[in-house]
Amino acid sequence: MTNKHENSKDQQLEAYRVDDAGTKLTTNQGLRVSEDEHSLKAGERGPTLMEDFHFREKMTHFDHERIPERIVHARGYGAHGYFQPYESMKEYTSAGFLQDPSIKTPVFVRFSTVAGSRGSADTVRDVRGFATKFYTEEGNYDLVGNNIPVFFIQDAIKFPDLVHSFKPEPHNEIPQAQTAHDTFWDFVTANTETAHMIMWHLSDRAIPRSYRMMEGFGVNTFRFVNELGKSHFVKFHWKPKLGVHSLVWDEAQKLAGKDPDFHRRDLYEAIEMGEYPEFELGVQLIKEEDEFAFDFDILDPTKLWPEEIIPVKIIGKMTLDRNPDNVFAETEQVAFHLGNVVPGIDFSNDPMLQGRLFSYTDTQLSRLGGPNFHELPINRSVAPVHNNQRDGMHRMAINKGQVSYHKNGLQANAPEPASEKDGGYVHYQEKVDGRKVRARSESFKDHYSQAILFWNSMTEVEKQHIIEAFQFEVGKLKSKEIQQRVVDMFANVDFRIAKELALAVGASVPETGNVPDGSPASASLSQETSVKLPNTRKVAVLADHGFDYAEFTQLKADLTGAGILVEVVSKNLGAILSSNGEEVPVDHTFLTADSVQFDAVYVAGGKDGVTNLLASKKAPAFLLEAYSHFKSVGAGTDALDLLTAAGITSQDPAEGVIAGADHKAFIQAVTQARHWSRIV
Ligand code: HDD
């Protein structure tokens, strides 16, 4: 079902789209150009002439093609879509787009990494940004979140320090898009409020399998206000329909070289093939009067609200169904700001939220070159814009008339402030009483209990990954002193972390851990309980001349029938010939593709085909690498030799090793994604 709201942004963007197909080349002044390969010269071998306006215009524009990248979240990728509520949220908020389940609101989402430059790799260990712009009929509403529900620091004034510590070190600009260096861990150990977020940062959450398979969180505490003026504190969640899944670290590092665009490619391709990513919107709500009812401060952004205590209410779904036409115009120029709210949504006194409210608009002024960035097509509200702001760089609106001030008599006081009943935004009238102090509340002083909660909630495999991530990150440090400080700090979370880290980096093992017994766990924090689906999982089928065509065709039908994507990898591109003379096109060679780009690997059946695969060393290596990343490995009839050549036992096979052309079992294994029992 479509409605006028759903298409409002697309229709607005249509006015700005340019299609160059079938057109004549012109200058920016509309003058047709007769020639575009030679500059205007005094003689064929002579100097270029000043009067060559075409050369000058082309070159000047090129010279200024780049704009400053975002100071954080520089590398990102976006998509259009829509949001639709499941039910009216009238009881809690007057926000128009949350009232009517029949109304679809257009959205634009930008996913990002935080630390790296615009050209860095997608699969680095990092927090992922998850920013959503809702183009509502009441103006733009921006939900600017991350894929981790808490943050490193408690007060926005420390954000520049945090960012300086994780960016490449200033004296040599090394390392790119990594936190495994001295300045970051120096900051962490000097600012122990980071402990909880560090646990998430070193967990599998920081190496997602796909943007489509990660959660999103608004992080800060906001307010919902209903039409009667009643307020609830609210935290926002995005829950992916495909479940929450991750890469393994070795795979993530290899992907950073083999396919630095892994996540953007995944998102782009899924949308192009109609596999639209879906995320449900959830809210946790706390009554205003319960502000102090918990053993943590609900305004502290280093704390989550355990879902067992404050359940997540699922209130709607976002579907991303269209790739941008132009990444620069849309994804790069989009400007988010969590101060972009609509009536019914308001702020809390969370000291990080308060500081963020300044930073986002401010940063766009230098990034997008002046105060008119709201007029860029991707940033334009679909609600009409009328005010007395004027001029500035690149102004596009042509405001008519004599009047540009308020109050006025010459234009009957228009544009006129709207009453609350008429949609005018009225701030929630929270009573505030306090002295001006540079201080932090006592209630923000607990830095460890939720780091412990997170650790307690992990499965054994997830704990192992966290310890290995500690060993990697801290093992890269040059300073022995900082290494020891990390060991000592995380002894406050778990003694095992401290001990295994100390052993790995040659630091002293602390006497004991400092953790209270019987501390709680929260089931929602582990990824292992997440939904597992076969949809859009990618399987590499290794095949060569002489493969069994009937079996291959059946395999492809069975896998694609389950929603799994199948790509053929062989020695050479072109087509491979089956034992009965049928042809199948090859998608990749062993040089152009690697096991890390797939979720599972299958060896096509057929004796001659397998013998041909065995002749190359590449096929067994491909298989073994997938196996070592705990992925499913399958083999068709007569294909066991390749598994044996790879060192993967075929007798008494390990979990996720499916021999004998058992397609059903293979699909189940692929759905499972990783087979952790193989960890020795
Ligand atoms: Fe931020 C960008 C998310 C804390 C200052 N932030 C930015 C983006 C996301 C977040 C997703 C990228 C938006 C896009 O795709 O264009 N930031 C967060 C979250 C935080 C957070 C979830 C913790 C709750 N940020 C934070 C603080 C400050 C900033 C404390 C400063 C006071 N963030 C910025 C910024 C950026 C930004 C400098 C850089 C580019 C931009 O805004 O547009 O203003």
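Every number in this text was worked out from the coordinates using simple rules, so none of it is lab data. Note that this is a predicted model, so its numbers are computed, not measured. So basically every Cβ, Gly included, is an ideal-geometry build from the backbone, and we count neighbours across all protein chains shown.
If the cut-off is 23 Å between C-alpha atoms, which lysines fall inside it for Lys9, apart from same-chain ones fewer than 8 positions away?
Lys104, Lys133, Lys317
Give the percent of DSSP beta bridges with both residues in the chain that are antiparallel, rounded to the nearest 5.
Numbers: 61 of 79 bridges.
Antiparallel bridges: around 75 percent, rounded to the nearest 5.
Using amide H atoms built in the peptide plane, which far-off residues or other-chain residues are under 5 Å from Tyr602 H to H?
Ala540, Val541, Leu542, Gly634
Evaluate Rg over Rh across segment 337-473, taking Cα atoms for both radii and Kirkwood's formula for Rh. Kindly include the intermediate steps, with their values, before the conclusion.
Numbers: Rg = 23.3 Å, Rh = 20.5 Å.
Expressed as Rg/Rh, it is 1.13.
Starting from the amide H of Asn146, placed 1.01 Å from N in the peptide plane, find each other amide H under 5 Å away whose residue is 5 or more places distant or on another chain.
HN-HN under 5 Å from Asn146: Phe130, Phe217, Val219.
So, by mean Cβ neighbours within 10 angstrom, what's the order for 461-468, 333-340, 268-275, 517-524 with the highest one leading? Can you show the working numbers first?
On the way: 461-468: 18.9, 333-340: 20.8, 268-275: 14.2, 517-524: 11.8.
Answer by packing, highest mean first, reads 333-340, 461-468, 268-275, 517-524.
Is it possible to state the helix-based mean residue ellipticity at 222 nm for the chain, with each DSSP H run of 4+ residues giving -39500 (n - 2.57), the sum divided by total residues, to the nearest 500 deg cm²/dmol? What is it?
Numbers: 17 runs with 175 residues, N = 680.
Mean residue ellipticity at 222 nm (helix-derived): -7500 deg cm²/dmol.
Just from the alpha-carbon atoms, what are the Rg and Dmax of segment 505-597 in angstroms?
Every Cα atom of segment 505-597 included, Rg and Dmax give 23.2, 70 Å.
Evaluate Rg over Rh across segment 40-379, taking Cα atoms for both radii and Kirkwood's formula for Rh.
Values: Rg = 21.7 Å, Rh = 21.4 Å.
Radius of gyration relative to Kirkwood radius: 1.02.
Report the full-extension gain for the segment Asp290 to Leu31: residue separation times 0.36 nm, less the Cα-Cα distance, to one decimal in nm. Could the numbers behind the result be given before it?
Numbers: separation 259, 0.36 × 259 = 93.24 nm, distance 6.70 nm.
Value of the extension gain: 86.5 nm.
So what is Rg over Rh here for segment 532-678, counting just Cα atoms and using Kirkwood for Rh? Provide the component values of the computation, followed by the final result.
On the way: Rg = 13.4 Å, Rh = 14.6 Å.
Radius of gyration relative to Kirkwood radius: 0.92.
Around Gly282, which amide H atoms from residues at least 5 apart in sequence, or from another chain, sit under 5 Å from its own amide H, with H modelled in the peptide plane?
His237, Trp238, Lys239, Ile315
For segment 272-336 and segment 574-621, what is the separation of their Cα centres, given in Å?
Centre-to-centre (Cα) distance: 42 Å.
Could you work out the per residue convex hull volume over the alpha carbons of segment 487-542, in cubic angstrom? It would help to have the intermediate numbers written out before the result.
Values: hull volume 8.3 nm³, N = 56.
Taking the convex hull of the Cα positions in segment 487-542, it is 148 Å³ per residue.
Across 10 Å bins from the origin, how do the percents of Cα pairs in segment 116-203 run, short distances first?
It works out to 15, 43, 30, 10, 2, in whole percents.
Separation of segment 170-209 and segment 141-166 by C-alpha centroid, Å?
12
Under 20 Å from a point 7 Å along the Cα-to-Cβ line of Leu357: which residues of segment 85-104 have their amide N that close?
Those under the cut-off are 93-96.
Net charge within 13 Å of Ala550 by Cβ-Cβ distance, Lys/Arg positive one each and Asp/Glu negative one each, not counting Ala550 itself?
Numbers: positive: Lys556; negative: Asp548, Glu551, Asp558, Glu582.
My count for the surroundings of Ala550 gives -3.
Normalised by the residues of segment 455-528, what does the relative contact order come to in percent, with Cα pairs under 8 Å and at least six apart? Each step should come with its number before you reach the end.
Working: 80 pairs, mean separation 27.7, N = 74.
Taking the mean separation of contacting Cα pairs over the length of segment 455-528, I get 37 percent.
Where the eigenvalues come from the Cα gyration tensor of segment 416-459, what are the semi-axes √(5λ) of the equivalent ellipsoid, largest first, in whole Å? Kindly include the intermediate steps, with their values, before the conclusion.
On the way: eigenvalues 322, 91, 10 Å².
Working through the eigenvalues yields semi-axes of 40, 21, 7 Å.
Using alpha-carbon pairs under 8 Å, 6+ residues apart, how would you state the relative contact order of segment 532-678 in percent?
The value is 26 percent.
Give me the net charge for the shell around Arg17: Cβ to Cβ below 15 angstrom, other residues only, Lys and Arg +1, Asp and Glu -1. All intermediate terms of the calculation are to be shown ahead of the outcome.
Values: positive: Lys9, Arg322, Arg380; negative: Asp10, Glu14, Asp19, Asp20, Asp325, Glu330.
Surrounding charge for Arg17 is -3.
Using packing as a proxy for protection, rank 422-430, 320-328 so that the peptide with the highest average count of other Cβ atoms within 10 Å comes first.
On the way: 422-430: 11.7, 320-328: 16.1.
Final packing ranking: 320-328, 422-430.
Hydropathy first: keep DSSP H helices in the chain averaging at least -0.5 on Kyte-Doolittle, then drop any whose Cα extent along the axis falls short of 20 Å, and list what survives. Present the calculation step by step, with values, prior to reporting the outcome.
Working: long enough: 351-367 (25 Å, -0.57); 460-475 (22 Å, -0.23).
Within the chain the helices that satisfy the rule are 460-475.
Taking segment 575-658 on its own, what percent of its Cα-Cα pair distances exceed 14 Å? Kindly include the intermediate steps, with their values, before the conclusion.
Details: 2184 of 3486 pairs.
For segment 575-658, the fraction of Cα-Cα distances above 14 Å is 63 percent.
Principal axes first, then extents: for the Cα atoms of the chain, list largest minus smallest coordinate on each axis, whole Å, largest first.
Dimensions of the chain along the principal axes of its Cα atoms: 90, 82, 56 Å.
Calculate the radius of gyration of the Cα atoms of segment 209-311 to one decimal place, then report Dmax, the largest Cα-Cα distance, as a whole number, both in Å.
Reported Rg and Dmax, both Å: 18.2, 56.
If contacts are Cα pairs under 8 angstrom and at least 6 residues apart, what is the relative contact order of the chain in percent?
Details: 1318 pairs, mean separation 78.3, N = 680.
Value for the chain: 12 percent.
Could you pull out the pairs from Lys254/Lys476; Lys90/Lys436; Lys303/Lys463; Lys258/Lys476; Lys463/Lys532 whose alpha carbons sit more than 26 Å apart here?
Numbers: Lys254/Lys476 18 Å; Lys90/Lys436 36 Å; Lys303/Lys463 20 Å; Lys258/Lys476 23 Å; Lys463/Lys532 20 Å.
Where the Cα-Cα span goes over 26 Å, the pairs concerned are Lys90/Lys436.
Hey, what does the equivalent ellipsoid look like for segment 455-528, semi-axes from the Cα gyration tensor as sqrt of 5 times each eigenvalue, largest first, whole Å? Could you put the intermediate results ahead of the total?
Values: eigenvalues 104, 44, 14 Å².
Taking √(5λ) for each eigenvalue gives 23, 15, 8 Å, largest first.
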